[in-house]
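Engineer: Submitted below is the structure of interest, expressed as structure tokens.
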Amino acid sequence: MNRLAYIAAVVADPDAVAAVLERHFGLRRTEVASLPGRPAFAVGATGLALLAADDPLAAEGRAGVDHLGFVETAGMTAAAAAMLHESTGMNVRVYADSPAPGPSDGMISGFDHIGVASADNGAAVAALVDGLGFPLESQQRDVEIRTAIESFTSDKYGLVYHSRPPEVVGGLHVLFVTVGDCELEFLQDLNPAGDLSLDRGQAGNTRQDRSAVGRYIARRGPGLHHLAFRTRDIDGALARLAEAGLPLIDRTGRPGSRRARIGFVHPDALGGLLVHFVERA
């Protein structure tokens, strides 16, 4: 059966980021045989390895999620990995090994998903689901709508309210494909020609999530975008990081895909790697 073995991320200082993940995220160290000597963690049944930008095994050498390592099978081959890169922008490699599962009784119980900035979710379905047989978990549309209300107040005719038609200010087509004990989350902008501004320093929302994906694709093209950790207590997890002085985008959980609550950690906390927590209903 095809499944994900590990995730490799490029960060500014792998040893410093590893110390944060161990001390404040509660992750347990492990070894990823395909990436010897690199700081690595077991997150559920999937490994997380940290690479420096100049590491010869880094696919791109830029901070962020660098590549995915899949267990080699009859279907998941080097040719299949090249096909996935061509169709989705993801950097993919195949290996014969996978790390031992990590404990699930801490703040983090595993990966919920790996976010992918997508230019074409249909191509992702064709490659992963139709081509390689990975299960399609679900699809949805996340849309933020603004409604303007006008008031007209007269000393003779009283007060009248008028609502203008709702205006879509940001949206994403979201696709989840199961690749082991977590999913790939493909995020496709519903309006690529729209405004991509961000309210820096403010908590996230659907419009800003859509802007972040659009800006990423404009700058780097489609590809691996972020990691999401599954937790049982998102507010407690965010509070723990805040107490440790780590910068956050969201200080409390907010509504996210699949009826979950989500909360993003600022990439400065982990050497340029964007992560968030997910608490499932």
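The values are calculated or read from the model by the stated rules, or taken from the named source; none is laboratory data. What you are looking at is a predicted structure, and each value in this text was computed from that prediction instead of being measured. Glycine also receives a Cβ, built like all others from the backbone with ideal geometry; neighbour counts cover every protein chain displayed. Ligands, DNA and RNA are stripped out before the accessible areas are found, and what is left, the full protein with its side chains, is counted by its heavy atoms. Shrake-Rupley method; radii C 1.70, N 1.55, O 1.52, S 1.80 Å.
Engineer: If the viscosity is 1.002 mPa s and the temperature 20 °C, what translational diffusion coefficient in µm²/s does Stokes-Einstein give for region 1-89 when Rh comes from Kirkwood over Cα pairs?
Structural biologist: After rounding, the answer is 156 µm²/s.
Engineer: Taking amide H atoms as placed 1.01 Å from N in the peptide plane, list the residues 5 or more away in sequence, or in a different chain, whose amide H sits under 5 Å from that of residue 179.
Structural biologist: Sorted by chain and number, the residues that satisfy this are 184.
Engineer: Additional query: Give the residues of region 127-146 whose amide nitrogen is closer than 19 Å to a point set 7 Å from the Cα of residue 161 in the direction of its Cβ.
Structural biologist: Of the residues in region 127-146, 145-146 have backbone N under 19 Å from the label point off residue 161.
Engineer: Set the Förster distance to 30 Å, then compute FRET efficiency between residue 95 and residue 62 from the Cβ-Cβ distance, nearest 0.05.
Structural biologist: Working from the Cβ atoms, E equals 0.85.
Engineer: Could you give the distance between the Cα centres of region 47-75 and region 113-147, to the whole Å?
Structural biologist: Taking the Cα centre of region 113-147 as reference, the centre of region 47-75 is 22 Å away.
Engineer: Continuing with this model, one more query. Would you work out what percent of the accessible area of the chain, with all protein chains in place, is carbon or sulfur (probe 1.4 Å)?
Structural biologist: Working: 6510 of 12760 Å².
That fraction is 51 percent.
Engineer: Under the classification rounded if a/c is under 1.5, otherwise prolate if a/b is larger than b/c and oblate if not, where does region 205-267 fall, given a ≥ b ≥ c as square roots of the Cα gyration tensor eigenvalues?
Structural biologist: Since a/c reaches 1.5 and a/b is larger than b/c, the shape of region 205-267 is classed as prolate.
Engineer: Debye calculation, C-alpha points only, no solvent: report log10 I(q)/I(0) for region 48-166 at q = 0.10, 0.14, 0.21, 0.22 Å⁻¹, in the same order as the q values.
Structural biologist: -0.52, -0.79, -1.36, -1.40
Engineer: Same structure, new question: Under the rule of -39500 (n - 2.57) per DSSP H run of 4 or more residues, summed and divided by the residues of the chain, what mean residue ellipticity at 222 nm is obtained, to the nearest 500 deg cm²/dmol?
Structural biologist: Working: 5 runs with 50 residues, N = 281.
Roughly -5000 deg cm²/dmol at 222 nm, from the helical runs in the chain.
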